[in-house]
Structure formats: structure tokens, C-alpha cells
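What follows is a short report on a single structure.
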Amino acid sequence: MNEFLNHDEDEMWLLSQVREGDVKAFEQVYHIYSPKLYANILKLVKSVTITEELLQDTFQRVWEHRHTIDTGKSFRAYIFTIARNLVYDYFNKASRQRLLERYLQVKEEKAAEKIDHKLEQKESSLILESAVRQLPPQRKLVYTLCKIEGRSYEDVSKTLGISESTISDHIVKATKSIKAYYLSRDFVYKSIITIIAVLNF
């Protein structure tokens, strides 16, 4: 049989049979129109699986609405319009899905960044506490009072009975010592992370 029905009367008769629920007539319509529909859909969606699904959906739509077929109008235009609309629906749905996936990905990335940031803050805090504990007693006390509790040099000077210049000297040396300690701990920490990453690669 030709790709499309050659005579309007033959087409009108066949479609009238489909309207009446004739499965055999519907199968003939399927065999006549499916090859061209398949080729057109495949050109658009670039997927055999999706093409087959959309083709089946097209004919299912025709069968479900067979009572509305107008035998006086072009059935070819009718069925190709159905197929085109289904393709548009597919692309709209796929586009929304991609947007949703991207949105969720961004949310996950931001959540991961927050967790990493909190872990880094906690790690830094622990390193700082450990570094302060390594200081000589008086230097540790001066640093704690000035830098952690936020008291002024003058206030700490009166409290401890030492000069402000001595306090300043303690702070400078404590800061230098803490910085060196932090850098050494940070280097070790990053080295461990690098080794773990390599071992898990």
C-alpha cells in the first residue's frame, strides 16, 4: 500500500470505519501514516526510544478521540498536528525537568559549601584553642584577656600589674607563635585530606 491513501474516497471510508471503532481499519491507518510520522518525530527528538513513545501516544490519542474525526478534512494534517503538539509537550517537560535538576544541584552545592565553611570554622577554632594552650602561662593569660575576652591593654595592665608595653610584647609574640602553630597544623590537615583524596581516587 502507498505511503498515504491515494484517493480521498478511500481515506474517507477508512476513517469512517475507525470512527465506528473498527480495529482493523485503525491498524491500516497506523501502517499508512506511522513511517512518515516516525521519521519526522525522530528528526526532532533525536532519540529512538522517545520517538517510539511519542508515536504510540499519537495513535493512542487518535483512537481515544476517534469519534471526533472529521472525514471531510485532511486526516494527515490532523494526525501530524497531534504528533507535533506531543513533541512540544515533551520538550517543555524536558526543559522544566532540566531547570528543576539545575535548581536542586545549585541548592546541594550551596548546602555543601555551608557545611564545608562550618567545618573549616570549627577546625580553625580548635586549632586556635590548641595553639593558645601551648603558650607560656602569663602570655596565654594576656592573650586570652586581650584577644579573646576583648579587654583593653590598660585594663589588663592594671589587673595583672604589668606595663602596657609588656602586654604588647606578649601579644606580638603570642600572635607570632599562634600563626606558626596554625600554619603547621593547617599544612598537616590539608596533607591528610590530599592523601585521603588520592587513596579514594
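Every number here is computed from the coordinates shown, using simple stated rules; none is lab data. What you are looking at is a predicted structure, and each value in this text was computed from that prediction instead of being measured.
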(request) With 25 Å as the limit, write out which pairs from Lys110/Lys147; Lys107/Lys179; Lys46/Lys93; Lys24/Lys46; Lys110/Lys179 have Cα-Cα distances beyond it, or answer none. (result) Lys110/Lys147; Lys107/Lys179; Lys24/Lys46; Lys110/Lys179
(request) Treating each Cα of the stretch 8-98 as an identical point scatterer and ignoring solvent, apply the Debye formula and state log10 I(q)/I(0) at q = 0.13, 0.14, 0.16, 0.23 Å⁻¹. (result) -0.44, -0.50, -0.64, -1.13
(request) Could you let me know the centre-to-centre spacing of the stretch 10-39 and the stretch 161-180, using Cα atoms, in angstrom? (result) 93 Å
